[in-house]
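Input: a single structure, listed below in structure tokens.
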Amino acid sequence: MLPFVPGMLGSRKTGNDLRDIYSGVEPVPVRQGRWWELGSTPYEGTRFKAWRPHWSVLHKARAEDISLFGSEEEKWKHNPILHPLRWLKDPYYLERLHYEDRPYPVASPAFSNVPLIGPLLAATVGKVIRLGPLVLSPCLTCDRVGALCPTPCNPYEVQNTTQATPWRPGVSTLGR
């Protein structure tokens, strides 16, 4: 019980200091190698690597949700747990939304991001839900995915195959 007494008696920081830290006014240090349990370095890390706002301020900003969905309302509107029929109707919603700013040649199968059992779910149930990989077609005039070209083209082509044709630069996959 004796080692815990100093922390129980209070903090060395005043209420105003803690208010500044938790509101994001005062940045907190990020240490190099923090939380590394192996080796001879201390658990809290060694020297200061960077300064940034407290993690609670970063979490409240919801920057990941806003960059991925556009707004928090859109995130909850397309949540597969709250609206499963909407998700089953268009499982490629995020791929279609981010075609211009985050183009990927092939979309990942359904349930591939579930920890531990993701590959098993993706190989069984995921093939039923997503009929095939979403392949971004190369541009008709430029032979590139996401290229800016004068002629508009349909960027989406759903193939009902287990393996998608890999896209290679300079090789047109149209007409195969």
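The values are calculated or read from the model by the stated rules, or taken from the named source; none is laboratory data. All figures in this text were calculated on a predicted structure; none of them were measured in a lab. Cβ coordinates were reconstructed from backbone atoms using ideal geometry, including for glycine residues, and neighbour counts include every protein chain displayed.
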Exercise for the section: Could you please let me know if residue 39 is assigned to a loop (DSSP other than H, G, I, E, B) and at pLDDT 85 or above? Expected result: no
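Do we have any residue at all in the range 101-114 that's in contact (Cβ under 8 Å) with a residue 40 or more places away in the chain and part of a loop (DSSP other than H, G, I, E, B)?
We begin by selecting, within the range 101-114, every residue in contact (Cβ under 8 Å) with a residue 40 or more places away in the chain; these are 103, 105-106.
Narrowing further to those that are part of a loop (DSSP other than H, G, I, E, B): 103, 105.
Yes - at least one qualifying residue is present in the range 101-114.
Can you find, within the range 77-92, the residue that is nearest to residue 129 (Cα to Cα) among those that are without any contact (Cβ under 8 Å) to a residue 40 or more places away in the chain and surrounded by 13 or more Cβ atoms within 10 Å (Cβ to Cβ)?
Of the range 77-92, the ones without any contact (Cβ under 8 Å) to a residue 40 or more places away in the chain are 77-87, 89-91.
So of that shortlist, the ones also surrounded by 13 or more Cβ atoms within 10 Å (Cβ to Cβ) come out as 77-80, 83, 86-87, 91.
Details: 77: 19, 78: 16, 79: 16, 80: 12, 83: 15, 86: 12, 87: 10, 91: 8 Å.
So the residue we want is 91.
Among the residues of the range 36-53, which ones are touching a strand residue (DSSP E or B) at 6+ places or on another chain (Cβ under 8 Å) and of a type outside the set (Gly, Ala, Ser)?
Going through the range 36-53, the residues touching a strand residue (DSSP E or B) at 6+ places or on another chain (Cβ under 8 Å) turn out to be 44-53.
Selection gives 44, 46, 47, 48, 49, 51, 52, 53.
Within the range 74-88, does at least one residue satisfy the condition of being touching a strand residue (DSSP E or B) at 6+ places or on another chain (Cβ under 9 Å) and either more than 26 Å from residue 19 (Cβ to Cβ) or in a helix (DSSP H, G or I) (or both)?
So in the range 74-88, the residues touching a strand residue (DSSP E or B) at 6+ places or on another chain (Cβ under 9 Å) come out as none.
No, every residue in the range 74-88 fails to be touching a strand residue (DSSP E or B) at 6+ places or on another chain (Cβ under 9 Å) and either more than 26 Å from residue 19 (Cβ to Cβ) or in a helix (DSSP H, G or I) (or both).
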Practice task
Inspect all residues belonging to the range 53-65 and state whether any of them is surrounded by fewer than 13 Cβ atoms within 10 Å (Cβ to Cβ), assigned to a loop (DSSP other than H, G, I, E, B), small (Gly, Ala, Ser) and modelled with pLDDT under 90.
Solution key: no
